[in-house]
Amino acid sequence: MRLKIWQAGEAVLRQRAHPLAPEEIRGEAVQGLIASMRETMRDAPGVGLAAPQVGVPLRLAVIEDRAEYVSMLTPAQAAERGRAPVPFQVIVNPELYVEGEETAEFFEGCLSVAGLTAMVRRALRVRVECLNESGEPVTIRAEGWYARILQHEIDHLNGLLYVDRMWPRSLMTTENYTRYWKNVSEQEFRNRCG
Ligand code: ZN
């Protein structure tokens with residue numbers, strides 16, 4: 001079932017979401033939620049969706065970066081972003097650990113802040129300890145765009161949006177991003193608008 005994606009201004013997007021027990025994860029209600037969130041994310045389309053974005057205050061998110069999305073970038077852009085396909089996965093009760101001190105800054109958007117995008121600095125490498133869709137503990141090690149997606153989705157579970165972390169001067173409509181900046185480096189944007 002396709003769900004409504006809630007927009008900034010809804011309190012649920014600003015509150016800390018609640019953890020789930022493994023047996024709850026395996027239950028019909030959460031399994032149904034996961035299936036609906038997968039459909040909603042694909043339909044949007046997006047590369048991640050957290051439960052608070054569909055009005056559900058639980059520490060659960062779905063992630064998937066499909067090859068067809070990555071192929072919309074030039075090979076150079078994909079390499080610069082460290083972006084490669086990520087198979088569908090569910091993260092529950094995630095704990096995020098930054099690995100190393102390297103960061104990367106790119107334009108990022110959010111389905112709950114429709115029509116806008118801004119530059120956000122994120123850790124380049126992270127480790128996530130969480131439960132999967134079967135309630136089993138897993139460790140995820142990620143870098144590049146995958147690490148960015150994880151940080152973005154886990155922020156949602158803590159009531160944070162990318163606008164809390166963005167470089168404010170870089171905020172723009174996605175329409176203008178596509179029109180003027182899509183094929184321009186972040187450095188060039190800084191040179192002209194910073
Ligand atoms: Zn988001």
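The values are calculated or read from the model by the stated rules, or taken from the named source; none is laboratory data. What you see is a predicted model, and the numbers here were worked out from it, not measured in a lab. Please note: Cβ atoms are built from the backbone with ideal geometry, for glycine as well, and neighbour counts cover all protein chains shown. Calculation scope for accessible area: heavy atoms of the full protein, side chains included, ligands and nucleic acids excluded. Shrake-Rupley method; radii C 1.70, N 1.55, O 1.52, S 1.80 Å.
Rounded to a whole number, what % of the accessible area of the stretch 108-194 do carbon and sulfur atoms account for, probe 1.4 Å?
Here carbon and sulfur together make up 47 percent of the probe-accessible area.
Hey, if we sort VAL163, VAL54 by accessible area with the 1.4 Å probe, largest down, what's the order?
Largest accessible area first, the residues go VAL163, VAL54.
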remark   = The answer for the net charge of residues other than ARG42 whose Cβ lies under 12 angstrom from its Cβ, with Lys and Arg +1 and Asp and Glu -1, is -2
Principal axis dimensions, the stretch 101-149 - Cα atoms, whole angstrom, descending = 36, 28, 11
note = the stretch 17-83 accessible area per residue, 1.4 Å probe, protein heavy atoms, integer Å², reads 45
ask   = What net charge is computed for the residues neighbouring HIS152, neighbours being all others with C-beta under 10 Å from the C-beta of HIS152, Lys and Arg scored +1, Asp and Glu -1?
value = 0
note = Once Lys and Arg are counted +1 and Asp and Glu -1 for all other residues with Cβ under 15 Å from that of ARG141, the total becomes -2
request  = Compute, for THR117, the solvent-accessible surface of its heavy atoms (probe 1.4 Å) with the complete set of protein chains present, and express it in square angstrom to the nearest 10.
outcome  = 10
Given charges at Cβ of Lys, Arg, Asp, Glu: the chain dipole, positive-most of GLY159, MET41, CYS110 = CYS110
query = Among PRO94, PRO85, PRO52, which one shows the biggest mean-square fluctuation in a GNM of the chain, springs joining Cα atoms closer than 10 Å?
reply = PRO85
ask   = Semi-axes of the stretch 45-194's equivalent ellipsoid from the Cα gyration tensor, sqrt of 5 times each eigenvalue, largest first, rounded to whole Å?
value = 26, 17, 15
request  = Could you pull out the GluC sites (Glu not before Pro) across the stretch 78-146 that fall in loop regions by DSSP (anything but H, G, I, E, B) with no more than 12 other Cβ atoms inside 10 Å?
outcome  = GLU101, GLU102
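With a cap of 16 neighbouring Cβ atoms within 10 Å, and only residues DSSP puts in a loop, list the trypsin sites (Lys or Arg not before Pro) found in the stretch 23-116.
ARG26, ARG66
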request  = Assign one of three labels to the stretch 1-61, namely rounded, prolate or oblate, based on the Cα gyration tensor with a ≥ b ≥ c the square roots of its eigenvalues; rounded applies when a/c is under 1.5, prolate when it is not and a/b is larger than b/c, and oblate otherwise.
outcome  = oblate
